[in-house]
Structure formats: C-alpha cells, structure tokens
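**Q** Next up is a structure, given as structure tokens.
The values are calculated or read from the model by the stated rules, or taken from the named source; none is laboratory data. This structure is a prediction, so every number in the text was calculated from the model and none was measured. Counting neighbours? That spans all protein chains shown, and the Cβs are built from the backbone with ideal geometry, glycine included. Only protein heavy atoms, including side chains, enter the accessible area calculation; ligands, DNA and RNA are left aside. Shrake-Rupley method; radii C 1.70, N 1.55, O 1.52, S 1.80 Å.
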Amino acid sequence: MRITPTTELNNRIEKLQKEMAVHSLDAILILQNADLFYFTGAIQQGALYIPREGEPLYLVRKDYARARMESGLKELVPFKSPRDIPGVLADFNYPMPKSVGMELDVVPVTVMRRFSSSFGECSISDATPLIRNVRAVKSDYEINIMKDAALIVDKVCQRAAEIIREGMTDLELAAELEFVARKAGHQGLVRMRGFNNELFYAHVFSGTDSAVPTYSDTPLGGMGLNPSFPQGASYKKIRRNEPITVDFSGIFDGYIVDQTRMFSIGELPEKLVKAYADMMAIQEHAKRTAKPGVSWGGLYDECLQMAYDLGYRDHFMGPKGSQVSFIGHGTGVELDEYPFIARGFNDYQLQENMTFAFEPKAVFPGLGAVGIENTFWVGKDGLKHLTFSKQELIIL
C-alpha cells in the first residue's frame with residue numbers, strides 16, 4: 001500500500017494556504033472524499049480543518065486507527081460531531097474563524113449547514129476554485145503514479161486485440177477487459193466530481209451503439225444494459241467491418257488516466273477511416289500548440305474550428321443535437337479535474353505539469369463513432385504522453 005509522503009501533503013497544504021491568503025479566507029473545511037485523499041492521504045470519515053496559518057487538523061470520526069496509519073499529517077483528532085469543532089480549535093489555541101471556505105459544489109446543503117453552524121456568525125464561501133487550482137498542477141510524484149495507471153490501460157489495449165471476435169457481445173468484451181485491469185491493480189471506482197456524473201471502468205461498445213447519445217456529459221454514450229445505467233456496453237454482438245471503441249479509465253493508487261483506442265474486425269467504411277485520420281490530426285495539432293500560457297478555451301476554439309474545417313460540424317464530439325462543449329478534461333484523483341479544454345474557459349491558462357485527457361471524436365448515427373484519446377502532461381515545450389498504447393486503427 002502506497003502512503004502519500006508527508007512532504008507531498010505539506011506542499012499541497014502550503015499552496016492552498018497561499019490561495020487562502022489571496023482570497024482572505026481564515027480557514028477551509030474539507031469534507032469530500034477526493035479532496036480528503038488529496039490533502040490527507042486518506043478518506044477516513046471526518047473533516048480536514050486548514051487554517052490560513054499553522055498545522056491542519058484532520059478530525060476523524062471513523063476510523064481513527066486507519067487514518068493514523070494512512071495519513072502523514074501531524075495532527076489527527078478523534079471527532080464525533082461538528083459541535084466538537086469549537087472545543088478542538090480551542091485545544092490547539094486556534095481562534096474561531098470569521099470566514100470559512102467549503103466545497104460548495106459537492107457538499108450537500110444539509111451537511112454544509114450542520115458544519116457551518118458550529119462556526120457561529122462566520123461567513124461561508126465556496127473554496128472549490130482554490131482547491132481545484134491547487135490540484136490541477138501535478139507533482140512529479142503524482143505524474144509517476146499516473147504513468148503506472150497508463151500501464152494498466154496498455155494491458156487492456158493489448159488484451160482487446162487478442163480476444164475481440166465476431167459474435168461476442170460488447171458486454172463480454174467489457175467484462176474481459178475489466179478483469180485484466182482489476183488484476184493489474186485497478187481500484188474499480190472511477191471518481192468524478194460533477195453532480196450525477198457516473199462511470200464504471202470504461203465505455204466499450206461497437207457499431208451503431210457507439211453513436212447512441214445518453215445523459216452523461218460525454219461525446220459517446222452507448223446503450224448500456226438498462227435504463228438505470230444507460231451508458232456503456234450492451235448485449236449487442238460485435239460484427240465485421242464496424243468500429244469497436246475501447247474507452248478505458250486506468251486507475252492506480254487513486255490516480256486516473258483516460259485512453260481510447262479503436263478496433264475492427266476487417267476494414268471499416270472509408271468514411272470512418274478518414275474521420276479517424278482527421279481526429280488524429282486534431283490531436284497532433286493540440287500536441288504542437290498546447291504549451292504553458294495557452295488558454296484552455298482558446299485551444300478548444302482552435303481545435304473546434306479545425307474540426308469544422310475538416311467537415312465535422314454536425315459530427316464532432318457527439319451527434320448533432322447532443323454534442324458536448326469540450327474536447328479535453330483534467331485527470332488526477334478525479335476524472336473531471338482542471339483544466340477543461342472547453343468552451344468559455346478563455347481566461348484560464350495551461351501551466352506546466354497540468355494533466356489532461358484530450359479526446360477528439362467523430363460520431364455518425366446509424367454507422368458508428370471513431371476517435372482517439374490520450375492523457376498528457378504539460379511540459380515546457382508542449383504535451384507529453386502519459387498513455388502510450390499504439391495509436392493506429394487496429395484491424396483484426
């Protein structure tokens with residue numbers, strides 16, 4: 001079991017404390033599991049109190065012994081109720097804060113009210129942008145873990161080429177690939193921050209199913225098995241001369257990479273072959289231009305216009321009427337971190353060591369979808385691959 005180094009946790013907290021000083025916050029209270037893991041190294045139930053100055057306090061309700069074993073933070077405190085917070089702060093000679101930030105994008109209102117009431121007349125504001133800014137820039141430690149996650153999706157890709165056969169169902173293929181990933185150390189859970197965003201391992205589908213839109217904010221949806229989870233693999237049987245999509249999230253030690261590769265049994269229609277080559281061209285353009293200082297939204301606008309110029313106005317990033325307004329999304333502890341290569345983010349700039357998945361895809365209802373996706377980290381002179389599987393269309 002890998003324990004997040006104390007130096008890593010301290011660096012993250014120091015960066016957040018600098019953000020707090022800029023935004024005049026006396027403290028931040030962290031409750032959500034992904035943020036708890038990032039700042040404490042554990043997700044044992046409780047709350048992390050980070051003052052603008054001084055040691056953070058990890059208030060642990062369940063399980064304190066495991067939190068003590070898993071977290072490298074100095075101050076862990078047994079904790080029963082938000083009502084205990086004033087007493088805990090007094091024990092550490094911390095004054096009651098006048099302004100507290102919370103994760104208002106994800107914390108339920110009832111939970112927010114229960115905790116905020118313990119701070120009396122204190123003002124509550126949203127600390128989410130500060131937290132996401134800190135998490136967006138990865139350390140070498142984090143990037144190395146993501147390289148391990150990339151090994152998992154490469155094993156998945158290699159196995160797909162070995163087992164895909166005519167007549168097997170999309171579900172059978174998905175199950176075989178999930179088995180490979182699990183044996184390689186995939187944790188199973190794919191964390192996403194967005195409300196009602198859900199994903200189980202991957203999207204694996206073939207032919208016309210790959211062009212079926214659904215509720216999730218993704219360019220490809222799939223039929224799924226039933227209306228309770230209408231995305232991903234279905235019972236559809238794989239046939240010759242149709243696209244087979246393996247869009248897989250690899251996760252290792254809490255960190256996520258995202259990769260899409262395309263397969264077919266026999267040749268694809270020329271329309272799809274050309275579209276795949278064009279999506280590759282858009283990716284290569286992004287690799288050349290996405291450097292520190294480049295606008296997230298500007299990169300999106302540029303690549304979107306390239307897709308339009310290539311003839312995919314009604315097919316890029318979803319079928320007409322169901323197209324998503326992004327081409328890339330940050331990855332890390334969650335699958336939808338900063339940065340967003342998306343419409344409207346023109347005031348945000350790429351920074352060195354940000355990591356994101358870039359996924360240009362073309363969708364043709366009644367025929368299928370093709371595309372490429374890789375996870376990159378931002379180097380001084382451009383994008384560097386984290387995922388590395390062979391990128392050519394794999395004809396079986």
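**Q** So which residues in region 145-175 are touching a Lys or Arg at 6+ places or on another chain (Cβ under 7 Å) and buried (at least 18 other Cβ atoms within 10 Å of the Cβ), if there are any at all?
**A** C157, D170, listed by residue number.
**Q** Counting only residues that are open to solvent by less than 10 Å² (accessible area, probe 1.4 Å) and either of a type in the set (A, V, I, L, M) or not in a helix (DSSP H, G or I) (or both), how many does region 296-306 have?
**A** Qualifying residue count for the region: 1.
**Q** Among the residues of region 339-357, which ones are of a type in the set (F, W, Y) and surrounded by fewer than 23 Cβ atoms within 10 Å (Cβ to Cβ)?
**A** Once the filter is applied, which keeps residues that are of a type in the set (F, W, Y) and surrounded by fewer than 23 Cβ atoms within 10 Å (Cβ to Cβ), region 339-357 yields F340, F345, Y348.
**Q** Let me ask you something else. Pull out all pairs, ordered by first then second residue, where Cβ-Cβ is under 6 Å, the residues are six or more apart or on different chains, the first lies in region 257-277 and is under 18 Å from D247 (Cα atoms), and the second is at pLDDT 95 or above and in a helix (DSSP H, G or I).
**A** Here the result reads V257/M146; V257/A149; V257/A150; Q259/V153; R261/C157, each pair linking region 257-277 to a residue that is at pLDDT 95 or above and in a helix (DSSP H, G or I).
**Q** While we're looking at this one, here's another question. From the list R52, R68, which residue is under 24 Å from E14 (Cα atoms), touching a residue at least 24 places away in the same chain (Cβ under 8 Å) and open to solvent by 70 Å² or more (accessible area, probe 1.4 Å)?
**A** Only one candidate qualifies: R52.
**Q** Let me ask something else. Among the residues that make up region 119-127, is at least one of them part of a helix (DSSP H, G or I) and over 17 Å from Y49 (Cβ atoms)?
**A** There is no residue in region 119-127 that is part of a helix (DSSP H, G or I) and over 17 Å from Y49 (Cβ atoms).
**Q** Given G224, G293, which one is in contact with a Pro (Cβ under 7 Å, 6 or more places away or on another chain), in a loop (DSSP other than H, G, I, E, B) and farther than 24 Å from I395 by Cβ?
**A** Sole residue among the options that is in contact with a Pro (Cβ under 7 Å, 6 or more places away or on another chain), in a loop (DSSP other than H, G, I, E, B) and farther than 24 Å from I395 by Cβ: G224.
**Q** Can you confirm whether D148 is modelled with pLDDT of 95 or more and outside any loop (DSSP other than H, G, I, E, B)?
**A** yes
**Q** Provide a single number: the residues in region 307-323 that are at negative phi, open to solvent by less than 20 Å² (accessible area, probe 1.4 Å) and either of a type in the set (S, T, Y) or part of a loop (DSSP other than H, G, I, E, B) (or both).
**A** Here the count works out to 2.
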